[in-house]
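The values are calculated or read from the model by the stated rules, or taken from the named source; none is laboratory data. What you are looking at is a predicted structure, and each value in this text was computed from that prediction instead of being measured. FYI the Cβ positions are ideal-geometry reconstructions off the backbone, even for glycines, and counts take in every protein chain you see. The accessibility values were calculated without ligands, DNA or RNA, using every heavy atom of the protein model including side chains. Shrake-Rupley method; radii C 1.70, N 1.55, O 1.52, S 1.80 Å.
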Amino acid sequence: MRFNPYRPNSIVTPKMFHGRAEELAFIQQSLLQTPYGNPQHFLIEGERGLGKSSLFLMVNQFASGKLALSDGLKMNFLVLNIELVTHIFYKSLHTKLLRQIRTGLSMNLM
C-alpha cells in the first residue's frame, strides 16, 4: 500500500506532479495559446484519489498567475469555478456565472 498525497480541495506541491510532466506541458501550452485566439480544451478525468482535484487546482493557480508557468511567464486569466449538476436550468447557470464573474472581477480590482 502506498501513501496517497492528494487531498480533496487542497493543492500539493508542484514536485508531486513529477510523473505528469506531459500533461502539465500540454495544459501550460493550452493556456499560452488562449490569448492569441487559439484556445485548446482539455478534460481532467480519472478514478478517485488520482489527484484530479490537485491537478485542477494547479491549473487554476497557473491560469490566475499565482504560479508561474515552467518558462517563468505568469498568466492573468479570470478563473471561474462553477459546479454543474445534472438538471441545471439556463437561468440558474446564468446566475452562477454572473456571480462568479462579479466576485472574480472585484477580487482582481483589489
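Observations
- For L67, residues with placed amide H under 5 Å, excluding near neighbours: F62
- Annotation note: chymotrypsin sites (Phe, Trp or Tyr not before Pro) in region 18-110 located in DSSP loop regions with a Cβ neighbour count of at most 15 within 10 Å are F42, F77, F89.
- Once divided by 2.2 N^0.38 Å, the Cα radius of gyration of region 40-80 becomes 1.26.
- Heavy atoms of E23: accessible area, 1.4 Å probe, square angstrom to 10: 90 Å²
- The modelled label-to-label distance for the pair E47/I101, using points 7 Å beyond Cα in the direction of Cβ, is 4.1 nm.
- Remark: the N38-L78 segment gains 12.7 nm on full extension, using 0.36 nm per residue and subtracting the alpha carbon distance.
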